[in-house]
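All of the numbers you see were taken from the coordinates with simple rules; none came from a lab. Everything numeric in this text was worked out from a predicted model, so none of it was measured. Backbone-built Cβ (ideal geometry, glycine too); neighbour counts: all protein chains shown.
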Amino acid sequence: MSGNTTAKPQRRSWLVALPLIAFAVLAGLFWFRLGSGDPARIPSALIGRPAPQTQLPPLDGLVADGAQVPGLDPAQFKGHVSVVNVWASWCVPCHDEAPLLLQLSQDKRIRIIGINYKDTQDNARRFLGRHGNPFSAVGVDAKGRASIEWGVYGVPETFVIGRDGTIAYKLIGAITPDNFDSVLKAEIEKALRAN
């Protein structure tokens, strides 16, 4: 009889431990899956497709060469290789990548276009005043709807658009010294050689 009573508590402790073991296994799988991938390499369903035909109003008061910087117009993509950067003044990595975008804007073979995401116009202007304006156009996406059409996961994100207006590449996350030459500039060069 004593052997029977010890079997029940052991069995009960196994049943109690089973959900904890299952949870630990699932947590380990999620951690491994999230930790093993490079978030910048998340595939985009938009690669090879036309850039979204979303028009966005300009950032009021943003002036270059004495004229208002235009908003986003999909017609801007035709015939030019463009880099579209989705950014916000409240985004810490956007501050870090700003000097690299300014450096990229010196390449006159490409156009750099900004989508200002869920930001206030005053803060966006201050951000560009502090870091410099690399953009030939800045569209204001105050509610984030246009960014959804672009398949944006979060800011910053950067797209390379070919001369034919199709999305050639998408970089998720900040432009960094590590990916600037080896990834982004390489993808821009590919787009420049195409067509």
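Some points to look at:
- Proximal charge balance of Arg111 [Cβ under 14 Å; K/R count +1, D/E count -1]: +2
- Cβ crowding within 10 Å ranks Ser182, Ser136, Ser147 as Ser182, Ser136, Ser147, fewest other Cβ atoms first.
- Annotation: amide H-H contacts under 5 Å for Ile112 (H modelled 1.01 Å from N, sequence separation of 5 or more, or interchain): Val83, Ser136.
- Potential extension, Asp107-Val63 segment - 0.36 nm per residue separation minus Cα distance: 13.8 nm
- Pairs exceeding a 29 Å alpha-carbon distance, out of Lys143/Lys170; Lys118/Lys185; Lys143/Lys190: Lys143/Lys190.
- Rg and Dmax of region 108-194, both derived from C-alpha coordinates alone, stand at 13.6, 39 Å.
- Using the Cβ of Pro156 as centre and a radius below 10 Å, the other residues enclosed give a net charge of -3, where K and R count +1 and D and E count -1.
- Taking label positions 7 Å along the Cα-Cβ direction at both His95 and Lys78, the computed distance is 4.1 nm, reported to one decimal.
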